[in-house]
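A short write-up of the structure that comes next.
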Amino acid sequence: MAAQCCCRQAPGAETAPVRPPPEPPPALDVASASSAQLFRLRHLQLGLELRPEARELAGCLVLELCALRPAPRALVLDAHPALRLHSAAFRRAPAAAETPCAFAFPAPGPGPAPPPPLPAFPEAPGAEPACCPLAFRVDPFTDYGSSLTVTLPPELQAHQPFQIWWLDPELTYGCAKPFVFTQGHSVCNRSFFPCFDTPAVKCTYSAVVKAPSGVQVLMSATQSAYMEEEGVFHFHMEHPVPAYLVALVAGDLKPADIGPRSRVWAEPCLLPTATSKLSGAVEQWLSAAERLYGPYMWGRYDIVFLPPSFPIVAMENPCLTFIISSILESDEFLVIDVIHEVAHSWFGNAVTNATWEEMWLSEGLATYAQRRITTETYGAAFTCLETAFRLDALHRQMKLLGEDSPVSKLQVKLEPGVNPSHLMNLFTYEKGYCFVYYLSQLCGDPQRFDDFLRAYVEKYKFTSVVAQDLLDSFLSFFPELKEQSVDCRAGPPLAEPDLSQGSSLTRPVEALFQLWTAEPLDQAAASASAIDISKWRTFQTALFLDRLLDGSPLPQEVVMSLSKCYSSLLDSMNAEIRIRWLQIVVRNDYYPDLHRVRRFLESQMSRMYTIPLYEDLCTGALKSFALEVFYQTQGRLHPNLRRAIQQILSQGLGSSTEPAPEPSTELGRAEADTDSDAQALLLGDEAPSSAISLRDVNVSA
């Protein structure tokens, strides 16, 4: 693929350098150590080789840049201690030559494999011949990354294109069969390759990946070629994207078409289920989104289902949504999560928040668009039910943290050293949604607001924006509001949407909850038993259980009656329902159902279905039970999840004055029921100062 150069000349043009007009520097991002404001990144090229035997991903990287000022002394990139960098080199890009990208990889052999060779670039007439090596150093930055400083040649001129070449970044992974995935959001891709790891910087990219026989490689880009004999995959992303949207997955993946521009990829055992649940539906959602917000820009919309170790629910990587396979058993959550990622194709991928402090620009707009798509596809009642469920959780978080908490504000101040991923919470999604809904109410017509959002995407597509860009565009599109001096600053009082169209679905939930909190209990239980919740939607049952969770601890006789009425039924439902019932069991110390908690934790390896239960288990008298279950299951957990649970379990060790629970078949004989044994089990990991249940956090990116 021909690389693009920022000073290309038309045939017959003057030989003097053609300089592009000055571009505004990207927004300052405190989560990035890079010198992105001093350079223009045009394109990045990755050459990768999967090496399962060595459990590494090796390769080379070429960055094509222009300096925005003359004679910059150094280029600073985001990196990570997990990267092992072999060497760096510099060359000026030919001014008018085609620069094809061709990668060659060595055959595997005994001992450590050498890094793949640099791609061969033909020399243009008069061009400087070879790459020259560069000195570089890696310095600490934060606990989620490092700064990588590269010394540049002193004669480098402003707007002169040049290339930086990196060799041998490696990524460790381990699976029984070769399987690897990357997750870039928010600031994780600096551990994949050196980059400007900030959403303010976008560029096109290409990649060539060599994989062992039988391993399918996918990336968040268009697959342009596959050379089966060599096991080499070629990819190209023609639209500029930020670094966090560069993603790779490789493993025993098989495809199935589910629409004219969509297919699912999954391991063979999951493929029939994934296909049956999504066949025909994705095209319906894409078409609805296009009617609202304009043409889909990314060519294909494919979905790959990842193992339970995937750290979030879903990720909107362009052309290829990543989604956790655990969600397949919860149909309504699957529908909402995929539609949310579809909405990101316009809000987040095409138009991106320039800083993580304004992540709501992507998540709030995507949530609003998601609900407009679900209304078009499934009707207002279902959308209102899902919204009520999420806003119920939002109010729970606001009550827990308070309005003045730094993380509960719409416009968050990101302090240096704080991982932006910590800002991914309900406030980002639902407060962002409420503000966008507030704007839609100001204009008085949802269809006119859809027209505005369509124009906003058309104006800013493939760029990064700040909140003021959205607000200025809004007032320009609705000049009558500007004349009225309407307040549309980011962060007015929370605008609650009108959810009355969902009352047919939410009223039964409220009525059943009121029955269980009424007196006398026997009469309430009799009336409640006449309501068949097996015919309810998942969001109805989840909302009902969330209300009971809010009221916990409940009187023991109420919990006993709830268990008698619902425990067996709920145990046959999907994981989103089961985890909520089991949290009620744990928060109320209801020992007769603890065996269900154990069985659930023994079968679940996903963060979203384990962390909330361990958090609840460790806040009361059941920590020894939690330690026992963790000791028996930790070998099956992803290392990152294992560390997170270790941190939860390590809180308060050595300082608890609570008596141990009475012995029982579930609580006795814990392998780690003393502080010294428990601390040995937890490997000395430092515990966080506080934890908020992920049950209340939408962790779809």
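The values are calculated or read from the model by the stated rules, or taken from the named source; none is laboratory data. Please read these numbers as outputs of a predicted model, since none were measured by experiment. Cβ atoms come from the backbone with ideal geometry, glycine included; neighbour counts cover every protein chain shown. Note: areas computed on protein heavy atoms with side chains; ligands, DNA, RNA excluded. Shrake-Rupley method; radii C 1.70, N 1.55, O 1.52, S 1.80 Å.
Using a simple spin-label model with points 7 Å from Cα along the Cα→Cβ vector, what separation in nm is obtained for Asp498 and Leu68?
Reported label-point gap for Asp498 and Leu68 is 4.5 nm.
Taking θ as phi - 60°, what are the ³J(HN,Hα) couplings along the range 628-636 by the Karplus curve (6.51, -1.76, 1.60), each to the nearest whole Hz, with x for Gly and Pro?
So the J values, rounded to whole Hz, are 5, 5, 4, 4, 7, 10, 4, x, 9.
Percent of alpha carbon pairs in the range 256-307 separated by more than 13 Å?
Numbers: 749 of 1326 pairs.
The proportion of pairs with Cα distances above 13 Å equals 56 percent.
Compute from the Cα atoms of the range 353-492 the Rg and the Dmax, the latter being the longest Cα-Cα distance, and quote both in angstrom.
15.4, 44
Just to be sure I understand the model, the point goes 7 Å from the Cα along the line to the Cβ. What's the resulting Glu483 to Ser603 distance in nm?
It is 6.4 nm.
Checking the cross-link filter: which lysines have an alpha carbon closer than 20 Å to that of Lys413, excluding same-chain neighbours under 8 positions apart?
The qualifying lysines are Lys431.
Taking θ as phi - 60°, what are the ³J(HN,Hα) couplings along the range 500-509 by the Karplus curve (6.51, -1.76, 1.60), each to the nearest whole Hz, with x for Gly and Pro?
Result, rounded to whole Hz: 5, 5, x, 5, 5, 9, 8, 4, x, 5.
Provide the packing ranking of 495-504, 427-436, 265-274, 583-592, i.e. peptides ordered by the mean count of other C-beta atoms within 10 Å per residue, highest first.
Peptide ranking by packing, descending: 427-436, 583-592, 265-274, 495-504.
So how far apart, in nm, are the two label points at Glu329 and Cys269 if each is 7 Å from Cα heading toward Cβ?
Between Glu329 and Cys269, the label points sit 1.3 nm apart.
Treat the range 560-614 as a sphere of radius equal to its Kirkwood radius over Cα pairs and apply Stokes-Einstein at 10 °C in a medium of 1.306 mPa s; give the translational diffusion coefficient in µm²/s, rounded to a whole number. Show your work: numbers first, answer last.
Working: Rh = 11.2 Å.
So the translational diffusion coefficient is about 142 µm²/s.
Please report the accessible area of Glu458 (heavy atoms, 1.4 Å probe, ligands and nucleic acids excluded) in Å², nearest 10.
110
Counting Lys and Arg as +1 and Asp and Glu as -1, each charge on the Cβ, what is the dipole of the range 544-601 about the Cα centre in debye, to the nearest 20? Please list the in-between numbers first.
Numbers: 8 positive and 7 negative charges, 36 e Å.
Computed charge dipole of the range 544-601: roughly 180 debye.
Amide H neighbours of Glu238 under 5 Å, counting only residues 5+ apart in sequence or on other chains, H built in-plane at 1.01 Å?
Hits under the 5 Å cutoff: Thr222.
Do the alpha carbons of any pairs in Lys564/Lys623; Lys202/Lys409; Lys254/Lys623; Lys399/Lys459; Lys459/Lys482 sit beyond 31 Å of each other, and which pairs?
Checking Cα-Cα distances, Lys254/Lys623; Lys399/Lys459 exceed 31 Å.
Tell me which residues come under 5 Å, amide H to amide H, from Leu306 once H is placed; ignore anything under 5 positions away on its chain.
Amide H to amide H, under 5 Å and 5 or more residues apart or across chains, Leu306 pairs with Ile323, Ile324, Ser325.
Want the number for Leu471 to Ala225: 0.36 nm per residue separation, take away the alpha-carbon distance, what's left?
84.3 nm
If you split all Cα-Cα distances of the range 151-272 into 5 Å bins from zero, what percentages do you get per bin, shortest first?
2, 9, 15, 20, 21, 15, 9, 5, 3, 2, 1, 0
Rounded, prolate or oblate: pick one for the range 474-571, where a ≥ b ≥ c are the square roots of the eigenvalues of its C-alpha gyration tensor, a/c under 1.5 means rounded, and failing that, prolate if a/b is larger than b/c, else oblate.
Since a/c reaches 1.5 and a/b is larger than b/c, the shape of the range 474-571 is classed as prolate.
Between His595 and Glu557, what is the FRET efficiency for a Förster distance of 25 Å, r being their Cβ-Cβ separation, to the nearest 0.05?
Efficiency, rounded to the nearest 0.05: 0.75.
Between His86 and Leu401, how high is the FRET efficiency from 1/(1 + (r/R0)^6) when r is the Cβ-Cβ distance and R₀ = 41 Å? Nearest 0.05. Walk me through the intermediate numbers first.
Details: r = 46 Å, r/R0 = 1.11.
FRET efficiency, His86 to Leu401: 0.35.
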